[in-house]
Amino acid sequence: MSDTATLLTRRAQLLGPNMTTFYDDPVHIVRGEGTWLWDADGNRFLDCYNNVPHVGHAHPKVVQAITDQAATLNTHTRYLHEGILDYGERLTATMGNDLDTMIMVCTGSEANDIALRMGRAVTGKTGIICTDNTYHGNTDLVSHLSAKKTPIGGAVDWVRKVPSPDAIEPLGGSHEAQAQAFADEIQTAINALEADGHGFGTLILCPFFANEGFPDLPKGFLDPTVDVVRRAGGIIIADEVQPGFGRTGRNFWGHERIGLVPDIVTMGKPMGNGHPVAAVVTRPEIMAEFRNRFGYFNTFGGNPVSAAAAMAVLDVLEEEQLVENARDTGDYALGLLGQLDHPMIADVRGAGLFLGVEFARDGNTEAAADFCAKLVDDMRHRGVLLHSVGRHYHGIKIRPPMCFDCAQADFLVETLDDALKALPV
Ligand code: PMP
């Protein structure tokens, strides 16, 4: 038996409680191709949410690269192999700014864990600053940055959380004041860490503020923040797990888009199109300091199959011009979303194929959470998969595979329009 109820019971018994699923009627997906997914009953869904199958579900070129390498050899980095080197050279060539050394790992969490430890190794300070509405992963160290639940063992005072920038309620009271207000918050957190004896070492942020609801921020927004961090001798980590690999359409990296030069870049999710591969990229002196202090080895990180999967993703991005597609289709979809007419729409925004609609009830975003949850479920029943985002989960996040096309954008927005008209406000 594999019906939904049976699968849910087996999961609860076997995997433990509190394992979340998406949607009131969880989807049992059995197959994917491009931007489409099929459930066990043969129903087709337009995938407007999953950024991991970056170049499309089950892309034949990525599947072939994984298959060929798996059929030849898979081992670890204590043996010599060209795969990791060829990939590392190609990846770091997309960055500049001396960001030309790399550690390959298996998850974004591991990448951020290493990056934070690099920050500590080079600054000698334990204090970390992140936003108050973020997620960077699940290792012991990284779980201290999560906004949603107190970490096991309790909150620590060497992590300071600053208010994240917001589209509707900008820090400092206006969009013009927001960049300086954000930097001021970071300065306050730096002072507190120094006063408490931890010292300030590292600022970690997603340059697109993806989990924070991706407010539209101008290029240069982080300039005042960079000044504050540099004056304090700190390190900046750009977590590119979500905006990286061209997602935002006009830049390959989110940090490029906002005009930030980070010291360390982390990436994961889209990197292997579903194969578990992630990485940390940094300057040689930071890499050397970390490697000399800790003999880092990761059994699966950088194995030849992972390197082949990741290389194939770069090939397909280029061959199919998917970054350009994200720009053009993203612009088209954003234009359509902007034409939606509904009293609860508070903002429509995004870049490339990372788009969103934020809702508010009588100007109150928290009061729109319920409506947004119903909308997400309703869309699922209409055959379009997306999900919620934002401090109160009061907005929808649209982040399809990069091969999303204009006809699919039409279908998405028409379906959204129907759902919005049908749902009681
Ligand atoms: N950083 C960000 C910004 C993320 O959104 C996530 C996962 N949602 C992670 C890191 C962690 O990545 P992983 O699940 O691969 O450990």
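Output the Cα-based Rg and Dmax of region 169-255 in Å, rounding Rg to one decimal and Dmax to a whole number.
According to the Cα coordinates of region 169-255, Rg and Dmax are 13.7, 43 Å.
Relative contact order for region 60-319: what percent, with Cα pairs under 8 Å and sequence separation of 6 or more?
RCO, region 60-319: 30 percent.
Kindly write out, for region 334-350 in residue order, the coupling ³J(HN,Hα) from the Karplus curve 6.51 cos²θ - 1.76 cosθ + 1.60 (θ = phi - 60°), rounded to whole Hz, with x marking Gly and Pro.
Per residue, the Karplus-derived 3J(HN,Hα) values read 5, x, 5, 4, x, 8, 4, 10, 7, x, 9, 6, 9, 6, 10, 7, x Hz.
Could you work out the helix-only [θ] at 222 nm for the chain, with each DSSP H run of four or more residues adding -39,500 (n - 2.57) and the total divided by the number of residues, to the nearest 500 deg cm²/dmol?
Mean residue ellipticity, 222 nm, calculated: -12000 deg cm²/dmol.
Working out 0.36 nm times the residue gap between residue 421 and residue 13, then minus their Cα-Cα distance, what length gain in nm do you get to one decimal?
142.9 nm
Give the long-range amide H neighbours of residue 267: residues separated by 5 or more places, or on another chain, with amide H under 5 Å away, using H modelled in the peptide plane at 1.01 Å from N.
240, 279
So how compact is the chain: Cα radius of gyration and Dmax in angstrom?
Expressed in Å, the Cα Rg and Dmax of the chain come to 21.4, 62.
Residue farthest toward the positive end of the dipole of region 60-319, with Cβ of Lys/Arg at +1 and Asp/Glu at -1: which of 192, 60, 301?
The Cα lying farthest towards the positive end belongs to 301.
Pop a pseudo-label 7 angstrom from the Cα along the beta-carbon direction at both residue 58 and residue 362 and give the gap in nm to one decimal.
5.0 nm
Where in region 250-356 are there chymotrypsin sites (Phe, Trp or Tyr not before Pro) that are in a DSSP coil and have at most 12 other Cβ atoms within 10 angstrom of their Cβ?
294, 297
With every atom except the alpha carbons ignored, what do you get for Rg and Dmax of region 18-140, in angstroms?
Considering region 18-140 through its Cα atoms, Rg and Dmax are 19.3, 56 Å.
Normalized C-alpha radius of gyration of region 3-77, against 2.2 N^0.38 Å?
Against the empirical 2.2 N^0.38 Å value, I get 1.42 for region 3-77.
If you take the square roots of the eigenvalues of the alpha-carbon gyration tensor of region 300-377 and sort them as a ≥ b ≥ c, do you get rounded (a/c under 1.5), prolate (a/b over b/c) or oblate?
Since a/c reaches 1.5 but b/c is at least a/b, the shape of region 300-377 is classed as oblate.
Residue 161: which lysines have alpha carbons under 16 Å from its alpha carbon, excluding same-chain residues fewer than 8 sequence positions away?
Reachable lysines: 148, 149.
Whole Å is fine, so just give me how far the alpha carbon centre of region 91-128 lies from that of region 289-303.
11 Å
Counting only DSSP beta bridges with both residues in the chain, what percent are antiparallel, rounded to the nearest 5?
Antiparallel: roughly 65 percent of the beta bridges in the chain.
So what is log10(I(q)/I(0)) for region 205-264 at q = 0.17, 0.19, 0.20, 0.27 1/Å, when the Debye sum runs over its Cα atoms only?
-0.52, -0.64, -0.71, -1.19
Between residue 320 and residue 176, what is the label-to-label distance in nm when each label sits 7 Å out along the Cα-to-Cβ direction?
4.5 nm
Kindly provide log₁₀ I(q)/I(0) values, in the same order as q = 0.12, 0.15, 0.18 Å⁻¹, from the Debye equation applied to equal alpha-carbon scatterers of region 323-425.
For region 323-425 at q = 0.12, 0.15, 0.18 Å⁻¹, log10 I(q)/I(0) is -0.35, -0.55, -0.79.
Please list, ordered by chain and number, the residues whose modelled amide H lies under 5 Å from the amide H of residue 361; skip anything fewer than 5 residues away on the same chain.
367, 368
All of the numbers you see were taken from the coordinates with simple rules; none came from a lab. Not measured: the values here are computed from a predicted model. Backbone-built Cβ (ideal geometry, glycine too); neighbour counts: all protein chains shown.
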